[in-house]
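The block underneath contains the structure these notes are about, expressed in structure tokens.
The values are calculated or read from the model by the stated rules, or taken from the named source; none is laboratory data. Computed from a prediction, not measured in an experiment: that's the story for all the values here. Cβ atoms come from the backbone with ideal geometry, glycine included; neighbour counts cover every protein chain shown. To get the accessible areas, we keep the full protein, side chains included, count just its heavy atoms, and leave off ligands, DNA and RNA. Shrake-Rupley method; radii C 1.70, N 1.55, O 1.52, S 1.80 Å.
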Amino acid sequence: MASDIAILDLGLPDMDGVALLRDWRKRGVALPVLVLTARDGLADRVSGLQAGADDYLLKPFDLDELIARVQALLRRAGGHAGPIVEHGPITLDPTTQTVYCEEREVELTRREYALLSKLLHARRSILTAEQLKDALYGIEAEVESNAINVHIYHLRRKLGAGLVRTVRGLGYRLGNASDIGKRSTP
């Protein structure tokens, strides 16, 4: 597994971080790069990602989120982010956008699929309702206050009550693999 990662602030004293990143990529440096910056404009984020950043995190940031993002980049660099994602009896195939539970295909709406994908990729991380809303609808979208709860309810009905755990006052996380597949009652 890869054990190296670069956390790059774009506001370097002697040169622009985006220029440095472009130079690294031009020279073939394949090191995973997380940009950590106060530059919060859409053009800044797009520029950083197009220059070769693997992730982009804005200041101020939560330390737990930084740790989770670094762990995700290290997992990917170590080859653990293949196209098929499995968790207990659930298999998600992003290439075909199909989901199986206990080897049977489960029909999900586009947003249910996006929610499941977000949870599976976050694994043990707690995701706030706001993070889930952004993943499903986009940052600027106006969404009903209970929309995320409705999608979680439908996922639990289709894939089991243990799929999503509510962490009171914080958000949601993926349930234990052994609890998934157990049907909830309507």
Fill in: Per residue accessible area of the stretch 49-186, 1.4 Å probe, in Å²
59
Practice prompt. Label the stretch 21-63 by shape, choosing from rounded, prolate and oblate, from the square roots a ≥ b ≥ c of the eigenvalues of the Cα gyration tensor; if a/c is under 1.5 it is rounded, and otherwise prolate applies when a/b is larger than b/c, oblate when it is not.
Written response: oblate
Discussion item. Suppose each label sits 7 Å from its Cα in the direction of the beta carbon; what would the L66-D134 distance come out to in nanometres?
Written reply: 1.6
Discussion item. Out of the trypsin sites (Lys or Arg not before Pro) in the stretch 134-169, which ones are loop residues according to DSSP with at most 12 other C-beta atoms within 10 Å?
Written reply: R168
Worksheet item: Relative to the present Cα-Cα distance, how much length would full extension add between I84 and R45 at 0.36 nm per residue of separation?
Response: 11.3 nm
Item to complete: Go through the stretch 84-138 and name the trypsin sites (Lys or Arg not before Pro) that are in a DSSP coil and have 12 or fewer other Cβ atoms within 10 Å of their Cβ.
Response: R124
Worksheet item: What FRET efficiency do you get for T109 and D14 if R0 is 41 Å and r is their Cβ-Cβ distance, rounded to the nearest 0.05?
Response: 0.25
Worksheet item: Which FRET efficiency value, to the nearest 0.05, is calculated for R75 and E144 with the Förster distance at 25 angstrom and r the Cβ-Cβ distance?
Response: 0.15
Worksheet item: For the stretch 42-141, what class follows from the C-alpha gyration tensor (a ≥ b ≥ c being the square roots of its eigenvalues): rounded when a/c is under 1.5, otherwise prolate if a/b is larger than b/c, else oblate?
Response: prolate
Item to complete: Before anything else, pin down the relative contact order of the chain: Cα pairs under 8 Å, at least 6 apart, normalised by residue count, whole percent.
Response: 15
